[in-house]
1. Stretched out fully, how many nm does the piece from A334 to A115 gain, at 0.36 nm a residue minus the Cα gap?
2. Going by how many other Cβ atoms sit within 10 Å of their own, how do I286, I238 line up, fewest first?
3. Between R243 and A31, what is the label-point separation in nm under the 7 Å Cα-to-beta-carbon projection?
4. Given a Förster distance of 30 Å, report the FRET efficiency between R142 and S10 from their Cβ-Cβ distance, rounded to the nearest 0.05.
5. Given a 10 angstrom Cα cut-off, can you work out which residue in P285, P321, P266 is the most mobile in a GNM of the chain?
6. Among V332, V255, V105, rank each residue by its count of other Cβ atoms within 10 Å, from fewest to most, as a rough exposure measure.
7. Taking θ as phi - 60°, what are the ³J(HN,Hα) couplings along the stretch 165-174 by the Karplus curve (6.51, -1.76, 1.60), each to the nearest whole Hz, with x for Gly and Pro?
8. Distance from the Cα centre of the stretch 21-75 to that of the stretch 76-147, in angstrom?
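Just so you know, all these numbers are worked out from the coordinates, no wet-lab data involved. Here the structure is a predicted model, which is why all the values come from computation and not from measurement. Cβ atoms come from the backbone with ideal geometry, glycine included; neighbour counts cover every protein chain shown.
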Amino acid sequence: MHTRDGFVVSVLLDPGAGAAGLSVSAAAGLACSPAGFGSVVAAAEDAFTLMADGFGPDAVVVVVPPGVHVAGPIVIVHQLGAHARPVAVFPRTFVALGEGATASVVEHLVSDTGAALVCPVTELELARDAHLAYHSLQELDRSAWQLGYVASRIERDGSLRSFSAALGGDYARLCTHSTLGGEAASSELLAAYLGDGTQVQDMRTFQEHAAPRTRSNLIFMGAVDDSARSVYSGLIRIHKGARKSNAAQTNRNLVLSDGAHADSVPNLDIEENDVRCSHASAVGPIDRAQRFYVESRGVPPHVAERLILLGFFDDLLGRAPEPGVAQYLRGVVAGRLSREDRAAAAGNGAR
């Protein structure tokens, strides 16, 4: 599936990766809105999701019928074209899995040069015993701003494995809101973000436990360099009646230069007894002992830093549900750090 400036321009479904009954279509081509469309994000809507409702030209709709298992990943590419003047773009995606269904979805957001405000909204609705692997890759141009929203609702015995990567944009905000609405539902929420120059990566998360025996595990990891900034704020909310829920929240940040800055604000809101919750955050530079160990083997300082950074992200990338996504991101991160290596080496040579 390919969209351009929010308009669906092509739909290509590989028969080998698809399954009987799988539907991938543009909302504009449907006789009526699919059941549940707009209801997942409505639980925590804000001004920008309302703007997406009002100004979004179309939406990608993925419906997996009950009991259907989709073999390969469903890939959705949202592309922003080059514009002479600043524009606002509202990509929209709705994914619904029926009871007992299984699927994997990859969303990739890219843009050409040109100032833009991008407000992508994605809804993930999982029926009973449905299982979804979801990936969100953001590689916008440095001239773009993003205010993104991913909302999910998981019913009884369902599971969501989500992996997000935030690499581009000038200011890029991603709000992840996951609601465990059925007993024994579970979610794993993973994200990697990298900022340099004057980038701001703003990650906001909500883990809503609204039913008994639900489980969620969140791990967000990021690194900032130059004058970049990262902001993480997360909330675990255990609702009344959600007994025996188990929720964990971890945020780790590396600050690579004196001008960079990272904020981490984890929160808990617990309204029930007999639950287990934990949250942890860390912000700091690369460990000096690690750097010394690598440099003592004859590795130049800027290369040593790159190797440590790759190791920092590698375990998390390895947990991406789709191995191809992990392989792609390793190449992107390594290439970006290699460019910084060359710049650092040039600066050392000039001195």
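1. Going from the current span to full extension adds 76.2 nm.
2. So the ranking, lowest neighbour count to highest, is I286, I238.
3. Going from the A31 label point to the R243 one covers 4.7 nm.
4. Computed FRET efficiency for R142 and S10 comes out at 0.65.
5. So, out of P285, P321, P266, the one fluctuating most is P285.
6. Values: V332 14, V255 20, V105 27.
Fewest to most other Cβ atoms nearby, the residues stand as V332, V255, V105.
7. So the Karplus estimates, Gly and Pro as x, are 10, 10, 10, x, x, 8, 10, 10, 10, 10 Hz.
8. 11 Å
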